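This report refers to the structure that appears directly beneath it.
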Amino acid sequence: MATQYQFTDPRLAKLDGFHVERDDAHERADIVLERPPYNVVSMAQRDQLRLVFETLDEDAKVRVIVVRAIGEHFSSGGNIGGFMEASPEHVSKLAWNIAAPARCSKPVIVANRGYCFGVGFELSLACDFRVISETTLYALPEQKLGQIPGSGGSARLQKMVGITRTKDIVMRSKRINAKQALDWGIATECVPDGQLEAATDKLVDELRSFSPLAQRTAKKLLNDTEDSTLQIAIELEGHCYSRLRQSHDFKEGVEAFNAKRPPNFTGQ
């Protein structure tokens, strides 16, 4: 059963526009956007989201983190007025805050439905797995405001879909439907709207069945080698493989395989 997550950091005593649940039985924590109907993300909320990811990353009882939202829309984007009120120094930290899911060592799943615009899309792009409803619409609409994406959206998107499609999305503020997102490799999985929660739960339990150490290693390796040459990526992969060869989890995995039993991974 999920309960409210209790934070000790005074900066997280009162969360702005979201809450966090923990489910120890399933080793998961859920970050739940709760400013319906559009779940607009405030400037203060961005700072808190970063702190929450950092806190959950240090919690040994949390294996998988899920980001989801209340209502029919994940998020229509940021609070426009907040941009005009924030200092240039604060605005310059936007991308760092929204990149928190990527820096987190644990698997991060986002469940998207309905509008997923602006920072809502950028936050989703920073996650490892995007499970989406058929109702999902992605967009980076900043051009309509005389601005560009400021939290990593265009950069991450270009890595996923290439420069031609990214220019089409960014420079025309074009909306991408769920089918396109799946076909283009933005979404991990697309399901009927009524199955979004079940699909997310299934992925959580699947990820929990693997070695935490191997998953942390794989995530960091893939993130670190995204911009490297093939030769360097292969070299780093080899070093990571060699380190895992000495782990308890690898020994357990091999023994479980030979004994035809489920492995009992401990993350060591």
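The values are calculated or read from the model by the stated rules, or taken from the named source; none is laboratory data. Not measured: the values here are computed from a predicted model. A quick note on method: Cβ atoms are made from the backbone with ideal geometry, for glycine too, and the neighbour counts reach across all protein chains shown.
So the values come out like this:
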read-out: Residues located in segment 154-193, provided they are part of a strand (DSSP E or B) and under 17 Å from F117 (Cα atoms); value: I176, N177
read-out: Subset of segment 5-44 (residues that are within 15 Å of A69 (Cβ to Cβ) and either without any contact (Cβ under 8 Å) to a residue 24 or more places away in the chain or not assigned by TED's automatic domain parsing to the domain that holds F74 (or both)); value: H19, E21, R35
read-out: Matching entry among C116, C104 (being closer than 18 Å to E226 by Cα and surrounded by 15 or more Cβ atoms within 10 Å (Cβ to Cβ)); value: C104
read-out: Close pairs (6 angstrom Cβ cut-off, 6 or more residues apart or separate chains): of a type in the set (K, R) in segment 150-165, part of a helix (DSSP H, G or I) anywhere; value: R156/L125
read-out: Those residues of segment 127-148 which are surrounded by fewer than 24 Cβ atoms within 10 Å (Cβ to Cβ) and part of a loop (DSSP other than H, G, I, E, B), in sequence order; value: C127, D128, E134, T135, P141, G146, Q147, I148
read-out: Any pair with Cβ under 6 angstrom, 6 or more apart, that starts in segment 166-182 at a residue that is under 16 Å from S76 (Cα atoms) and ends at one that is charged (D, E, K, R); value: S173/K144; K174/D168; A178/E134
read-out: Any hit, segment 55-62, residues being buried (at least 19 other Cβ atoms within 10 Å of the Cβ) and of a type in the set (D, E, K, R); value: no
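The rows are residues; the columns are (1) at pLDDT 95 or above; (2) more than 23 Å from R130 (Cβ to Cβ); (3) assigned by TED's automatic domain parsing to the domain that holds E134; (4) not charged (D, E, K, R).
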residue	(1), (2), (3), (4)
E197	yes, no, yes, no
L203	yes, no, yes, yes
K220	yes, no, no, no
L230	yes, yes, no, yes
E237	yes, yes, no, no
R245	no, yes, no, no
G253	no, yes, no, yes
